[in-house]
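The values are calculated or read from the model by the stated rules, or taken from the named source; none is laboratory data. Bear in mind the structure is a predicted one, so any value in this text is a computation, not a measurement. With ideal geometry, Cβ positions are generated from the backbone for all residues, glycine too; neighbour counts draw on all protein chains shown.
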Amino acid sequence: MAGKITVALAGNPNSGKTTVFNNLTGARQHVGNYPGVTVEKKTGRRVYAGYDINFVDLPGTYSLTAYSMEEMVARHFIIHEKPDIVVDIIDASNLERNLYLATQLMELRVPLILVFNMSDIARAQGTEFELEQLSELLGAPIIPMEAQRNKGTLELLDTIVALAGGEKKYQPVKVNYGREIEKELENIIALIEIHGAGREPCHPRWQALKLLEADRQAIEHIDSSEVLDGVRKSIERLEKIFGDHPEIIISDKRYGFVSGACQETVRSTTQSRYTTSDMVDAVVTNRFLGFPVFLGLMYLVFQLTFTIGEKPMFWIEDLFGWLSAQISIFWAVGSTSPLKSLLVDGIIGGVGGVIVFLPNILLLFLAIALLEDSGYMARAAFIMDRLMHKIGLHGKSFIPMLIGFGCSVPAIMATRMLENRRDRLTTMLVIPLMSCGARLPIYALIIPAFFPRAWYGPMLWIIYLIGIILAIIAARVLRSTLFKGRSAPFVMELPPYRVPTFKGTLIHMWERGWLYLKKAGTVILGISIILWALTSYPKKDVYDIDYTDIKNQAAADFYAGVERLNADFNLPPESNLFLKALGAEMKTVEKQSQYYRHEKEYIAAEREKDSLIAELEQGENGRVLSEFIEVRRDITEARRIFNEAVTVGRIKPESPDYQVLQSNLNITLADIERCYPQIYNGVLTYLDRVKAPYDEALKSIYQRRQSEDMTNSIAGRIGHGLEPAIRLLGFDWRIGTALIGAFAAKEVFVAQMGIVFSVGEADAGSEALRIKLKKTYTPLVAFCIMLFMLISTPCLATVAVVRRESNSWKWALFQLGGLTLLAYAITLLVYQTGRLLGLG
Amino acid sequence: MPLSMVNTGRRVRLLTVKAGRGLQARLAAMGLVPGVELEVIRNSHHGPFIVSVKDTRLVLGRGMAHKIEVE
């Protein structure tokens, strides 16, 4: 291989830089952050003509001052990392403004290649370039390109290789700043040569220019007071001559240089590139129409994300369900192995709960990528700016906050579109107050349990509204305390509308999705395991209640029920046919629970039971038993098919599909009844009056033990420990325990309440849990639970993503602590006031 | 007069930007240098507004527009 080259891509925002980068590197990209800042760093590799070329996509900038984070990052990279070649992507349809950055890159004296992107659009507008002549005047090779159609990529690669291999020489030209400025530049360069250039290893002329421009970064890097003194004097002299700051004169000269070069080489019939764009904008940014159009589009985004995403979410849920089932096979049926519990409940449950949101996240980022790449996002910011300005936020903040109603995680990732760090952090910190989708099951459980039907809607609306109001207040407070200082002056380019490229949009979407997946694989995995341990340990050796007794009682009831069956089947009262057969079945199940399905003991038990039943079938009244077994199998099978269809298809009882399934079931059952009219009812009696209560009793024992385990676990103890503190909010230890689980993911709150109330793992529709809740708490407490869940502790995925996006644990923990305190304070106020008013 | 007073559709010439040096440099990089011609595309007298400079559309906050002197 001829060698490695590093190539940096620079350019204005909206110059099509990302498309060029995608064309150059394809999918071989790596997304990270520049050290210490939240600016995204994209790198990608390409092997071409024997060179291993590493491309770095610098953030889009208008110049190389130290004004914004992006500009500092781009400048720092070029000066300190010294790329072999810088490629400046220029929007050829807006040449003069774009070449302004090129003049500064020229001054840095790194080998420069200019890419005239969108040269097709420029030509269509009637602009003709004398590329050779222009290239000579600017002192850099120019490659015409149509990045949207992937035209010009190979030419660019050829030029890169030619420059790197030395076949082409880089011959930079100087911008002449006029006699006065040039004189001062010479003075400063001389001073730098005598006293040292400080800590920025760059070309002296560039350094001198930046010092004259009073550039903060350049000044900070100079150690010598003589140099700084000289610079100050030079600036004073120039200000006297021009009556203005030197940087204004310098930028004026740069534009002069650019327009001079263009005058000789660019012929334009001056047709604005905005003609169509302006027509669209006449509607989209219209005083009256702008806002409705914006709301309509946001509604579409929301719909796209959460309705199309629903089906794939179910698939992922099913996939994880299947995975747990597959893993469970490796253990004996009734095993309480900690490893099984860790894998199934801890890891698959925890990580699965997060990955379930992946379809939403991909769709959402697809929508955002489309809005951004088409140019609409800038218009949205324009429309929302007036409103958001009143809260002290940027117009663009509205979009992440809206997404927050779906899920905080993609919302926080979407804050990347905000350039200003203060705006970004404020938005990030208040996003969890937008009540996310995962909190809905909590409201859905509680509201119907405590409030009359007419209040359902208003109650839910009030909860959401409280979140929005708190977010507005919190944003204002943050903006006037921690993130004080004028908000970034609002200057933004409105790029012409463009049709987004398929590839670019997909790459955009996948990058974000991948980041999210990586998160689920690392931090969330770790925290899931910790939370699992908290809710599972320590185990209890002796239970408070003697469950064996209860179990024996249930078994006795079962046998008594079986004995009564004789009458239903016209058997003599003393016949023990059923007792023997069904008793054997029950014992077999118990025995098998200790073994794996494939173990020989398991199979032996099955065989033993089968042969006993076969023997009984041959004996006295054997035909009755055979028929009983057959009818029982048919009914059970018919019911299983019905239940499976309902669960797998998630069919609601009021839907027409449900009616169809129900009538199918009835037809099958009627068929069975017609074939075996004498025993059909007897079998139903067995299934529903004997077997079902027994199963129910076993389940209840399991749930009560689970509840005792939970109470005894660390989470349970923390819940008890929290009780004195949360007592003031009307909460007991049970809510405290469920709060620990809610930290993993908000919706876990419902499941854990189910466990502590011994009704098993409940969901939002659990009537059994509602009844228990209603008996235990007052409506005031119920409202306080919802309030607390709305405000407090963002879930762990949120904490992890804030940590990543803000690049520090500080803000993640600040948000966690701040919101929890806020939740406590507000719930305390509401509960105590409510009690004083006699509502509790 | 300040840019914020200019009505939609009028063309004006930029005189000075009364702002900190950093912001001046930023605006210059976006094309807002003294002497440049601007066209006001939208000024609704509330909220931000849109100007055209060097065939680029820029959105300026109302506060910004107060600081830009034009003729």
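Cβ-Cβ distances below 6 Å connect no pair with a first residue in region A:571-596 that is not assigned by TED's automatic domain parsing to the domain that holds residue A:620, a second residue that is among the polar types (S, T, N, Q) and surrounded by fewer than 16 Cβ atoms within 10 Å (Cβ to Cβ), and a separation of six or more residues or different chains. If you go through region A:223-241 one residue at a time, do you hit one that is basic (Lys, Arg) and touching an Asp or Glu at 6+ places or on another chain (Cβ under 6 Å)? No, region A:223-241 contains no residue that is basic (Lys, Arg) and touching an Asp or Glu at 6+ places or on another chain (Cβ under 6 Å). Scanning region A:241-291 for residues that are of a type in the set (Val, Ile, Thr), at the interface with another protein chain (Cβ under 10 Å from one of its Cβ atoms), in contact with a helix residue (DSSP H, G or I) (Cβ under 8 Å, 6 or more places away or on another chain) and more than 30 Å from residue A:179 (Cα to Cα) gives a single hit, A:285. Applying the condition of being touching a Phe, Trp or Tyr at 6+ places or on another chain (Cβ under 6 Å) and modelled with pLDDT of 85 or more to region A:13-47 and asking which residue is nearest to residue A:57 (Cα to Cα) yields A:44. Of all residues in region A:207-238, those being more than 12 Å from chain B (Cβ to nearest Cβ), part of a helix (DSSP H, G or I) and surrounded by fewer than 19 Cβ atoms within 10 Å (Cβ to Cβ) number 9.
Restricting attention to region A:408-437, the residues being crowded, with 24+ Cβ neighbours inside 10 Å and within 24 Å of residue A:739 (Cα to Cα) number 13. None of A:378, A:367 is at pLDDT 80 or above, out of contact with any helix residue (DSSP H, G or I) (no Cβ under 8 Å at 6 or more places or on another chain) and crowded, with 18+ Cβ neighbours inside 10 Å except A:378.
Would it be correct to say that residue A:348 is assigned by TED's automatic domain parsing to the domain that holds residue A:806 and either in a helix (DSSP H, G or I) or at pLDDT 80 or above (or both)? No; evaluated as a whole, the condition is false for this residue.
Scanning region B:48-59 for residues that are out of contact with any strand residue (DSSP E or B) (no Cβ under 6 Å at 6 or more places or on another chain) and within 17 Å of residue B:70 (Cα to Cα) yields a single hit, B:54.
For region A:239-249, taking the residues that are part of a helix (DSSP H, G or I) and either of a type in the set (A, V, I, L, M, F, W, C) or in contact (Cβ under 8 Å) with a residue 12 or more places away in the chain (or both), the one that is nearest to residue A:218 (Cα to Cα) is identified as A:247.
Listed by position, the helices (runs of 4 or more DSSP H) inside region A:731-803 whose residues that are surrounded by 24 or more Cβ atoms within 10 Å (Cβ to Cβ) number at least 2 are A:733-744, A:748-756, A:779-791.
The sole residue among B:23, B:38 that is in contact (Cβ under 8 Å) with a residue 24 or more places away in the chain and of a type outside the set (Val, Ile, Thr) is B:38.
Residues of region B:29-47 that are touching a strand residue (DSSP E or B) at 6+ places or on another chain (Cβ under 8 Å) and either more than 21 Å from residue B:16 (Cβ to Cβ) or aliphatic (A, V, I, L, M) (or both): B:30, B:32, B:33, B:36, B:38, B:40, B:41, B:42. Considering the conditions (1) within 14 Å of chain B (Cβ to nearest Cβ); (2) assigned to a helix (DSSP H, G or I); (3) surrounded by fewer than 24 Cβ atoms within 10 Å (Cβ to Cβ), residue A:465 is excluded by exactly one of them, (1). Checked against the criterion of being assigned by TED's automatic domain parsing to the domain that holds residue A:567, of a type in the set (A, V, I, L, M), closer than 19 Å to residue A:686 by Cβ and more than 47 Å from the chain's Cα centre (by Cα), the candidates A:629, A:635 yield just one match: A:629. Listed by first and then second residue, the pairs with beta-carbon distance under 9 Å, at least 6 apart or on different chains, first residue in region A:39-67 and on the phi > 0 side of the Ramachandran plot and outside the structural domain of residue A:808 (by TED's automatic domain parsing), second at pLDDT below 90 and of a type outside the set (Phe, Trp, Tyr), are A:49/A:2; A:49/A:165; A:50/A:1; A:50/A:2; A:50/A:3. In region A:492-508 there is no residue that is within 14 Å of chain B (Cβ to nearest Cβ), free of Cβ contacts under 8 Å to residues at least 60 places away in the same chain and among the basic types (Lys, Arg). Is it the case that region A:678-693 has a residue that's of a type in the set (D, E, K, R) and crowded, with 17+ Cβ neighbours inside 10 Å? Yes, region A:678-693 contains a residue that is of a type in the set (D, E, K, R) and crowded, with 17+ Cβ neighbours inside 10 Å. Exactly one residue among A:483, A:558 is at pLDDT 85 or above and away from every other protein chain (no Cβ under 14 Å), and that residue is A:558. Filtered by the rule that a residue be more than 20 Å from residue A:376 (Cβ to Cβ) and either facing chain A (nearest Cβ under 8 Å) or modelled with pLDDT of 85 or more (or both), region B:39-54 gives B:39, B:40, B:46, B:53, B:54.
Residue check: is residue B:58 more than 7 Å from chain A (Cβ to nearest Cβ) and closer than 19 Å to residue A:248 by Cβ? The answer is no for residue B:58. Scanning region A:536-572 for residues that are in a helix (DSSP H, G or I), of a type in the set (Phe, Trp, Tyr) and under 30 Å from residue A:741 (Cα atoms) yields a total of 1.
Checking the stated criteria, residue A:464 turns out not to satisfy the condition of being within 27 Å of residue B:50 (Cα to Cα), out of contact with any Pro (no Cβ under 7 Å at 6 or more places or on another chain) and not assigned by TED's automatic domain parsing to the domain that holds residue A:19.
Table: residues versus (1) over 14 Å from residue A:16 (Cα atoms); (2) among the aromatic types (Phe, Trp, Tyr); (3) at pLDDT 90 or above; (4) assigned by TED's automatic domain parsing to the domain that holds residue A:246.
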| position | (1), (2), (3), (4) |
| --- | --- |
| A:141 | yes, no, yes, no |
| A:145 | no, no, yes, no |
| A:150 | no, no, no, no |
| A:153 | no, no, yes, no |
| A:156 | yes, no, yes, no |
| A:159 | yes, no, yes, no |
| A:171 | yes, no, no, no |
| A:174 | yes, no, no, no |
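Would you call residue A:367 aliphatic (A, V, I, L, M) and either over 30 Å from residue A:590 (Cβ atoms) or within 14 Å of chain B (Cβ to nearest Cβ) (or both)? Spelling it out, residue A:367 is indeed aliphatic (A, V, I, L, M) and either over 30 Å from residue A:590 (Cβ atoms) or within 14 Å of chain B (Cβ to nearest Cβ) (or both). Exactly one residue among A:294, A:320, A:302, A:314 is within 14 Å of chain B (Cβ to nearest Cβ), assigned to a helix (DSSP H, G or I), surrounded by 12 or more Cβ atoms within 10 Å (Cβ to Cβ) and not basic (Lys, Arg), and that residue is A:294. There is at least one residue in region B:14-32 that is more than 7 Å from every other protein chain (Cβ to nearest Cβ), closer than 22 Å to residue A:247 by Cα and of a type in the set (Lys, Arg).
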